[in-house]
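J.: Structure provided below as structure tokens; questions to follow.
The values are calculated or read from the model by the stated rules, or taken from the named source; none is laboratory data. Computed from a predicted model, the values in this text were never measured in an experiment. No Cβ is skipped: glycine too gets one built from the backbone with ideal geometry, and neighbour counts run over all protein chains shown.
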């Protein structure tokens, strides 16, 4: 069974490697395999290609190459962002577990997202204490697709920094934004967002898995999580993943270049799908912020049905969707996000997450819509018997 | 310029991806790209392939699949091995910087290797204190190729553990062995070695870069370095690098299967090369243990010459060698290993590291030998003028 025969609607969980990305990586597997730290010319050429990739990554987010730390993915980037914070940290209750678990081993305050999964700026502002060193808010929620008011939160951090400066308090405060979801659909420019640290994951944007970056503004002081040969300016040691990073840079370049077109295309497809599902089932509940939402996300509940059962019934008909985040799905527990925003058990348990992406087109979304309608209709009929 | 036209003699710094490894990885890039934590059958198939790879990795080293933690390479594995130690640690002065830097942030004792790069078992025994929790010794040194007496050191650790048990002291003590160099040439079976933790790096055995494993015996208590979605039994979070790990498993399987043949082949080639170089230059100094040495390693000094200059002169003639470890080479400083074992400045500065591997054969080693002889002869002549 390959994705060519299936309708893949779980792009938030994983994305296929873009063939153009694989082409960019190919020369660095068996041919230009040299250690970029070796002194001879072929290795120096590999170092140049690696640094060019870093440059391209920086350019894509409006940062400088010297501000990029290459990691083995978003989870490591997030752990690193928290590693520098010795004081109090602030985050919200619908973050990825990498953020929540990093926060929980520190003195922390966790603010509540509203029922749309929107993090109120005021709640963040009120949670900040004199000893707060890090605020970490995702750009967009991976289950609901809700896009957070990062620019406004960044302003709160800037005001706090200014006020500390005025009273001679040198405690640093940084805003870290996990943009694992949202890159390729939203404008991810570090200057425009006004943030201090940014996490991006290659595996979510049609790049190789286990590659990511942490961007940090030049004023941010970091502590390495992994020490050794001193790669990545001593902040992250280990022989460089040359092919992976070149692939990541190509992937980021591609999704950034085609972002506006792709976001519109996905929003059109998603809106059409949402419209026919809501028309067919007026009792359906669409979650997430209806205005500030990722273009490819559709989180929809059919109250009274079992979302997990729906996932398997849809799979049997060739449609791959998710009940929530893949991590939570794997553990058979109710999503912490849906619990946190206060969805009723009936709505939470009856929900599926549909996420569109490169593999989505008019034909397969139309077909998927019909299959969802048939399946949900049959399930409601079965329950009424 | 590709490695086909060059004679690559720096296999200890980096290895080309084996085409069979790339073939094994290929299906998992753009086709079977699913998140192994997703619930539907195609993702479950990916999970099975991933777990089969873990099984193959475990089998290759004589461990159990549940004892393998997948990491982003040896540096992370080493950092993780140290992360569990809250007490005193012991290592030696010619370890990789990942080990030395991990030791130095803890209460530590660093024992001295002898001039052959051999770590005396007695020195390790004497360094162990009542509060020692970790001893970390590499299987083989990456510069000299000297193979350490791991089994004997393991016996020292076992005796210490037994003696603590007898007096009711529950302080754990583990032996960690970094086998980044040596896998594919030496017998790396965890039971036969008698160790508690083992690090292996995929990028050194013709597998993809930034993939590695930490094997830990079931009695070892670890603390995660990276928290998040709870992958790898909660010990190392992050969406799994499916293609990379499948490639790593294939690479380890291949080098393990062909180990005896390859080790003999490389030792023959290396011994032949060493013989003609020593015959041509009686003043040449071959470093490393002459009996316990990796088959592909030849660390040779031409006293009075400049090793760095030799590297570039040889490169101009198509022969790629190294002055020492790639990390040190990159920083333009004298290798900490050569300094530690007490080589004279003249010998240390005049040395090059030649490491043979898959890309070596009779023809190109013969040619390389002639090129080294010509180059060194010219250099000595130039200095005498």
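J.: Just to confirm my filter: which strands (runs of 3 or more DSSP E) fall fully inside segment A:65-121 and include at least 3 residues that are touching a residue at least 40 places away in the same chain (Cβ under 8 Å)?
T.: Filter on segment A:65-121 gives A:68-71, A:88-92.
J.: Also, quick follow-up: If the Cβ limit is 9 Å and pairs must be 6+ apart or interchain, which residue in segment B:193-210 that is more than 14 Å from every other protein chain (Cβ to nearest Cβ) pairs with which residue that is modelled with pLDDT under 95?
T.: Final answer for the pair search is B:196/B:219; B:196/B:220; B:197/B:84; B:197/B:220; B:197/B:222.
J.: So is residue A:249 in the same structural domain as residue A:214 (by TED's automatic domain parsing), modelled with pLDDT of 95 or more and either under 18 Å from residue A:49 (Cβ atoms) or assigned to a helix (DSSP H, G or I) (or both) or not?
T.: So residue A:249 passes the test.
J.: Only one of these conditions is not met by residue A:229: (1) assigned to a loop (DSSP other than H, G, I, E, B); (2) farther than 24 Å from residue A:198 by Cα; (3) outside the structural domain of residue A:66 (by TED's automatic domain parsing). Which number is it?
T.: Exception for residue A:229: condition (3).
J.: Given the residues A:340, A:251, which is the only one that is in contact (Cβ under 8 Å) with a residue 12 or more places away in the chain and buried (at least 22 other Cβ atoms within 10 Å of the Cβ)?
T.: The match here is A:251.
J.: Scan B:186, B:144 and give me the residue that is crowded, with 20+ Cβ neighbours inside 10 Å and in contact with a helix residue (DSSP H, G or I) (Cβ under 9 Å, 6 or more places away or on another chain).
T.: Result: B:144 is the single residue among B:186, B:144 that is crowded, with 20+ Cβ neighbours inside 10 Å and in contact with a helix residue (DSSP H, G or I) (Cβ under 9 Å, 6 or more places away or on another chain).
J.: Let me ask something else about it. Out of curiosity, is residue B:21 outside any loop (DSSP other than H, G, I, E, B), in contact (Cβ under 8 Å) with a residue 60 or more places away in the chain and within 22 Å of the chain's Cα centre (by Cα)?
T.: Answer is yes for this residue.
J.: Hey, another quick one. Of all residues in segment A:211-224, which are more than 22 Å from residue A:357 (Cα to Cα), within 13 Å of chain B (Cβ to nearest Cβ) and out of contact with any strand residue (DSSP E or B) (no Cβ under 7 Å at 6 or more places or on another chain)?
T.: Hits for segment A:211-224 are A:223, A:224.
J.: With B:77, B:30 as the choices, which residue is under 30 Å from residue A:315 (Cβ atoms), within 13 Å of chain A (Cβ to nearest Cβ) and either in contact with a strand residue (DSSP E or B) (Cβ under 8 Å, 6 or more places away or on another chain) or surrounded by fewer than 20 Cβ atoms within 10 Å (Cβ to Cβ) (or both)? I'd like the intermediate steps shown before the answer.
T.: On the way: B:77 fails: under 30 Å from residue A:315 (Cβ atoms).
Just one listed residue meets the conditions, B:30.
J.: Any idea which residue in segment A:295-308 is nearest to the other protein chains (Cβ to nearest Cβ), counting only those that are buried (at least 20 other Cβ atoms within 10 Å of the Cβ) and either under 23 Å from the mean Cα position of the chain (by Cα) or part of a helix (DSSP H, G or I) (or both)?
T.: A:307
J.: From the list A:244, A:212, A:230, exactly one residue is in contact with a helix residue (DSSP H, G or I) (Cβ under 8 Å, 6 or more places away or on another chain), at pLDDT below 95 and closer than 27 Å to residue A:26 by Cα. Which is it?
T.: Being in contact with a helix residue (DSSP H, G or I) (Cβ under 8 Å, 6 or more places away or on another chain), at pLDDT below 95 and closer than 27 Å to residue A:26 by Cα holds for just one of A:244, A:212, A:230, which is A:230.
J.: Condition (residue is away from chain A (no Cβ under 14 Å) and within 28 Å of residue A:10 (Cα to Cα)) applied to segment B:14-25: is it met by at least one residue?
T.: Within segment B:14-25, not a single residue is away from chain A (no Cβ under 14 Å) and within 28 Å of residue A:10 (Cα to Cα).
J.: Inspect all residues belonging to segment B:106-116 and state whether any of them is within 21 Å of residue B:336 (Cα to Cα) and within 13 Å of another protein chain (Cβ to nearest Cβ).
T.: yes
J.: Within segment B:153-172, identify whether any single residue is within 30 Å of residue A:223 (Cα to Cα) and away from chain A (no Cβ under 14 Å), and answer yes or no. Lay out the reasoning, then the answer.
T.: Of segment B:153-172, the ones within 30 Å of residue A:223 (Cα to Cα) are B:171-172.
So of that shortlist, the ones also away from chain A (no Cβ under 14 Å) come out as B:171-172.
Yes: segment B:153-172 contains one or more residues that are within 30 Å of residue A:223 (Cα to Cα) and away from chain A (no Cβ under 14 Å).
J.: May I pose another question? Tell me, which residue of segment B:33-55 that is at the interface with chain A (Cβ under 7 Å from one of its Cβ atoms) and part of a loop (DSSP other than H, G, I, E, B) is nearest to residue B:311 (Cα to Cα)?
T.: Step by step, filter segment B:33-55, then rank; the result is B:33.
J.: Turning to a different aspect of this structure: Every residue in segment B:261-273 that is surrounded by fewer than 21 Cβ atoms within 10 Å (Cβ to Cβ) and either over 18 Å from the mean Cα position of the chain (by Cα) or within 14 Å of chain A (Cβ to nearest Cβ) (or both), please.
T.: Correct list: B:261, B:264, B:265, B:268, B:271, B:272.
J.: Then there's this: Looking at segment B:367-385, which of its residues are surrounded by fewer than 22 Cβ atoms within 10 Å (Cβ to Cβ) and either in a loop (DSSP other than H, G, I, E, B) or under 26 Å from the mean Cα position of the chain (by Cα) (or both)? Talk me through it step by step, then tell me what you get.
T.: Here is the first cut: in segment B:367-385, the ones surrounded by fewer than 22 Cβ atoms within 10 Å (Cβ to Cβ) are B:367, B:369-371, B:373-375, B:377-385.
B:369, B:385 - these are the residues of segment B:367-385 that are surrounded by fewer than 22 Cβ atoms within 10 Å (Cβ to Cβ) and either in a loop (DSSP other than H, G, I, E, B) or under 26 Å from the mean Cα position of the chain (by Cα) (or both).
J.: Looking at segment B:96-112, which of its residues are under 16 Å from residue B:141 (Cβ atoms) and under 17 Å from the mean Cα position of the chain (by Cα)?
T.: B:96, B:97, B:98, B:99, B:100
J.: With the condition kept exactly as written, say whether any residue in segment B:282-294 is within 11 Å of another protein chain (Cβ to nearest Cβ), modelled with pLDDT of 95 or more and outside any helix (DSSP H, G or I).
T.: No, that holds for no residue.
J.: Of all residues in segment B:83-98, how many are in contact with a helix residue (DSSP H, G or I) (Cβ under 6 Å, 6 or more places away or on another chain), more than 14 Å from chain A (Cβ to nearest Cβ) and buried (at least 24 other Cβ atoms within 10 Å of the Cβ)?
T.: So the answer is 2.
J.: Suppose we filter A:264, A:283 for residues that are over 25 Å from residue A:15 (Cβ atoms) and either assigned by TED's automatic domain parsing to the domain that holds residue A:355 or in contact with a strand residue (DSSP E or B) (Cβ under 7 Å, 6 or more places away or on another chain) (or both); which single one remains?
T.: The unique qualifying residue is A:283.
J.: Turning to a different aspect of this structure: Checking residue B:269 against (1) part of a helix (DSSP H, G or I); (2) assigned by TED's automatic domain parsing to the domain that holds residue B:57; (3) farther than 13 Å from residue B:205 by Cα, which test does it fail?
T.: It fails just one condition, (2).
J.: Only one of (1) surrounded by 24 or more Cβ atoms within 10 Å (Cβ to Cβ); (2) outside any loop (DSSP other than H, G, I, E, B); (3) under 19 Å from the mean Cα position of the chain (by Cα) fails for residue B:243. Which number is that?
T.: (3)
J.: While we're on this one: Which of (1) within 30 Å of residue A:313 (Cβ to Cβ); (2) modelled with pLDDT of 95 or more; (3) facing chain B (nearest Cβ under 9 Å); (4) touching a helix residue (DSSP H, G or I) at 6+ places or on another chain (Cβ under 6 Å) does residue A:7 not meet, given it meets every other one?
T.: Only one criterion is unmet by residue A:7, namely (3).
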